[in-house]
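Worksheet: the structure to be examined is printed underneath.
The values are calculated or read from the model by the stated rules, or taken from the named source; none is laboratory data. None of these values were measured; they are calculated from a predicted model. Positions of Cβ are generated from backbone atoms using ideal geometry, with glycine treated the same way; all protein chains shown enter the neighbour counts. Just so you know, the surface numbers come from the protein's heavy atoms only, side chains and all, with ligands and any DNA or RNA stripped out. Shrake-Rupley method; radii C 1.70, N 1.55, O 1.52, S 1.80 Å.
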Amino acid sequence: MDITAIYPGTFDPITSGHLDLIVRASKLYPRVVVAIAANTGKSPLFTLEERVKLAAEVTKAYGHVEVIGFEGLLAECAKEQGAQVILRGLRTVADFEYECQMASLNRYLASDLETLFLMPTEQHTFISSSMIREIARYKGDVSRFVPENVEKQLRAKFNQE
Ligand code: PNS
């Protein structure tokens, strides 16, 4: 069975932790769709177009990984993409409650969609987009945590302020 896995998130911006998960998923599934939520409620630093562009650049070496932007419900987007699996990363126990809630809601909305969790490598356990944005905002070095194109765009973003 050709399973499509959808990996949703805000990706504001995509990090090396996200990429670690995408690479793991790309070894498990023949098609991986990275689905970037418009998520205007979170007031993202990068526009949806910028986030999609950065993620597409970072994943271009992986032929069966696609990057899309979406608005509205993830369950709907997954259905449109023909996905059977939602992938999420679990870093620490702190992620667990939120992830449980989201997986249950998505199961309620689309009972045939399974949520699967993958763990990033240890070195990526403490990376989050929000902390990276904060470090970059105060001109700290984020080169260990994000791909080069993302680092460049973060620098450009905060130098404009
Ligand atoms: O990277 P994030 O911010 O933790 O990702 C959260 C995301 C985008 C996966 C979640 O907010 C989402 O699925 N948004 C789309 C709206 C939706 O379907 N909400 C119901 C499930 S929580």
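Taking every protein chain into account, the accessible area of the chain amounts to 58 square angstrom per residue (probe 1.4 Å). Each of PHE96 and GLU148 was given a label point 7 Å from its Cα along the Cα-to-Cβ line. The distance between the two points is 4.0 nm. The order of the peptides 9-20, 99-110 by mean Cβ neighbours within 10 Å, most packed first, is 9-20, 99-110. For VAL146, the residues whose modelled amide H falls within less than 5 Å of its own, excluding neighbours fewer than 5 places apart on the same chain, are SER16. For the range 1-144, carbon and sulfur atoms together expose 54% of the accessible surface, with a 1.4 angstrom probe and every protein chain in place.
Once backbone amide H atoms are built at 1.01 Å from N, LEU116 has ILE86, LEU87, ARG88 as its partners under 5 Å, excluding neighbours fewer than 5 places away on the same chain.
In plain terms, the chain from TYR108 to TYR62 could stretch by 13.4 nm, reckoned as 0.36 nm per residue minus the Cα-Cα distance.
Across the range 4-13, rounded Karplus estimates of 3J(HN,Hα) from the backbone phi angles (6.51 cos²θ - 1.76 cosθ + 1.60, θ = phi - 60°) give 9, 10, 10, 10, x, x, 8, 6, 10, x Hz, Gly and Pro being marked x. Between rounded, prolate and oblate, where does the range 1-83 land on the alpha carbon gyration tensor, with a ≥ b ≥ c its root eigenvalues, rounded for a/c under 1.5, else prolate if a/b exceeds b/c? Verdict is oblate for the range 1-83. Calculated over the range 99-161, the projected area of the Cα convex hull averaged across directions stands at 6.2 nm². Put the Cα centre of the range 33-88 next to the Cα centre of the range 92-161 and the gap is 13 Å. For THR4, list long-range residues whose amide hydrogen, built 1.01 Å from N in the peptide plane, is under 5 Å from its own amide hydrogen. The list, which skips near neighbours in sequence, is GLN84, VAL85. What shape does the range 1-141 take by its C-alpha gyration tensor, where a ≥ b ≥ c are the square roots of the eigenvalues and a/c under 1.5 counts as rounded, a/b above b/c as prolate, and the rest as oblate? Rounded.
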